[in-house]
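Laboratory data are not the source of any read-out in this text; all were calculated from the coordinates shown. Predicted model only: the values in this text are computed from it and were never measured. Because the Cβ atoms are built from the backbone with ideal geometry, glycine has one as well, and the counts that use them run over all protein chains shown.
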Amino acid sequence: MSDLICVGAIAGAFGVRGEVRIKSFCAIPEDLETYSPLTTEDGSRSFTLTLSRSINNGFAAHLEGVATKEQADALRGTRLFARRDQLPSLPDDEYYHADLIGLEVLDTGGQVLGHVKSVQNHGAADLLEIHAPGLKETVLLPFTLVAVPTIDLAAGRIIADPPDGLF
Amino acid sequence: MSRSVWKGPFVDAYVLKKAEAAAESGRHEVIKIWSRRSTILPQFVGLTFGVYNGRKHITVNVTEDMIGQKFGEYSPTRTYHGHAADKKAKRS
């Protein structure tokens, strides 16, 4: 589990007064501002962000220390990261995708089934996409109490009881 | 024009057969189906289907809210992976 989580990206300059065009990857796009200050992936730069208005495909925003269009243009493509501890805590049985991705998946007998590649939702229940070492395709495991009885974030593993015919 | 009410909801016969067999056996298994056009019926609630999307079977856990929809609606045919960011998953 990484300590930094990508929550947005800078898509370039917006206007000529040093504003930037920001893409938000958050579940509620406006929440990006609440995670400010955001850093770059290597942590070398930190930005205090103020969203000014909603625009096509994102937001116009002011970044502290960015005053000209040239400075804003130079940041195009920069991904913005928040620290994991900046995210609010969640009630029982709710997990951040970022926490679940990468966990090892074991069956009830302790056999390794694979690891979590992503979390998907196609309109029904949430699904864990599991990359199993011996299989060509990934497997989608329903994220239910029956199929996933135990999640141990501290140990970095999930105990799964997958339905027959899935693996 | 919508489907006439007197005909009842459309379900491929093999889907009904497989679902009945799975419900009777009581085993927790994935019912693999290719029929995206079949309507989700009340007797499917609680069963787990693997709905084909042209490439692989997408796991669909049927709940009450899904009755009357088609299986294909829950098995997208195009791939889109967004960013995890602060998105949450709830274990139901």
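For the protein assembly as shown, lysine pairs with C-alpha atoms less than 22 angstrom apart, excluding pairs fewer than eight positions apart on the same chain, total 22.
Counting Cβ atoms of other protein chains within 10 Å of each residue's Cβ and taking the mean over peptide B:18-27 gives 1. Every Cα-Cα pair of segment A:3-115 was included, and the share exceeding 26 Å stands at 30 percent. Decide, for segment A:97-160, between rounded, prolate and oblate: order the square roots of the alpha carbon gyration tensor eigenvalues as a ≥ b ≥ c, take rounded if a/c falls under 1.5, and otherwise choose prolate if a/b is larger than b/c, else oblate. Here segment A:97-160 falls in the rounded category. Close amide-amide hydrogen proximity is noted between residue A:113 and A:105, A:106, A:107, each under 5 Å apart and 5 or more residues distant or on a separate chain (H modeled in the peptide plane; Pro and chain starts excluded). Largest first, the three principal axis extents of the alpha carbons in the protein assembly as shown are 68, 54, 34 Å in whole numbers.
Take every Cα pair under 8 Å whose residues are at least 6 apart in sequence, average their separation, divide by the length of segment A:97-160, and the relative contact order is 30 percent.
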